[in-house]
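Single-structure report; data block below.
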Amino acid sequence: MKKGKWEHICGGSLIHRKWVLTAAHCLGPEELEACAFRVQVGQLRLYADDQQTKVAEILRHPQYNESLAARGGADIALLKLEAPVPLSERVHPVSLPPASLDVPSGKTCWVTGWGDIAGNRPLPWPYQLQEVDVPIVGNEECDGEYRNQSLDSTGRVIQDDMLCAGSEGRDSCQGDSGGPLVCRWNCSWVQVGVVSWGYLCGKGYPGVYTRVMSYLSWIRQYVPRFPGP
């Protein structure tokens, strides 16, 4: 996703030829129009070509609270593209999981993006897409870690619509927001999370993702026949 001078700001995933799944916090203030964004698909290297698809409509989840940002939950959004993306060996929609899928703690999943490779260390040229395997961390354990970090927090930090993954040195980082967390399930790759927020990068706190399973019914309201595993 790009904005202004068409610089990379966030990731996303193609879930249908005309629909991209991303994070609501990537899309800035609500007054930003769809014409402020472009989507680029099919490239492993950022800026490798200037083929971009225009965005026709932005749909932020109605429960997303801009003042609370990603930590408030419902950090999920859909982008409707002006034209369907041509599919190929390199471009294909990711499968979405069944709503009943429960990803167990310790399961190894993968996150991809063009974000920073460490805190305040931007991805260097030639801007090759990065990937890292990350272990799923249970919500209770993850919540405990974040409550210890945020001493003024009296309530839950990790909500039911969130999912945690990562370990020391293995995490998403700034610029990866909106990108997919995928797991192997029933011989297929399914997207279980959307990169949302975290604390530092790979420094002992898991990354926090929007739990896709919590929002399948909302996605179904808009996206026709999205692929399943």
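The values are calculated or read from the model by the stated rules, or taken from the named source; none is laboratory data. Source: prediction; values computed, not measured. So basically every Cβ, Gly included, is an ideal-geometry build from the backbone, and we count neighbours across all protein chains shown.
Points worth noting:
- At least 1 residues being of a type in the set (S, T, N, Q) is the threshold, and among the strands (runs of 3 or more DSSP E) wholly inside the range 112-204 those reaching it are 130-137, 188-197.
- Test set (1) surrounded by 21 or more Cβ atoms within 10 Å (Cβ to Cβ); (2) free of Cβ contacts under 8 Å to residues at least 40 places away in the same chain; (3) in contact with a Lys or Arg (Cβ under 7 Å, 6 or more places away or on another chain) - residue 198 fails condition number: (3)
- Enumeration of residues in the range 33-81 that are part of a strand (DSSP E or B) and either of a type outside the set (A, V, I, L, M, F, W, C) or at pLDDT below 90 (or both): 38, 45, 53, 54, 57, 60, 80
- Residue among 175, 166, 193 that alone is at positive phi, in contact with a Pro (Cβ under 8 Å, 6 or more places away or on another chain) and at pLDDT 95 or above: 166
- Among (1) exposed (fewer than 15 other Cβ atoms within 10 Å of the Cβ); (2) on the phi > 0 side of the Ramachandran plot - the single one residue 30 does not satisfy: (2)
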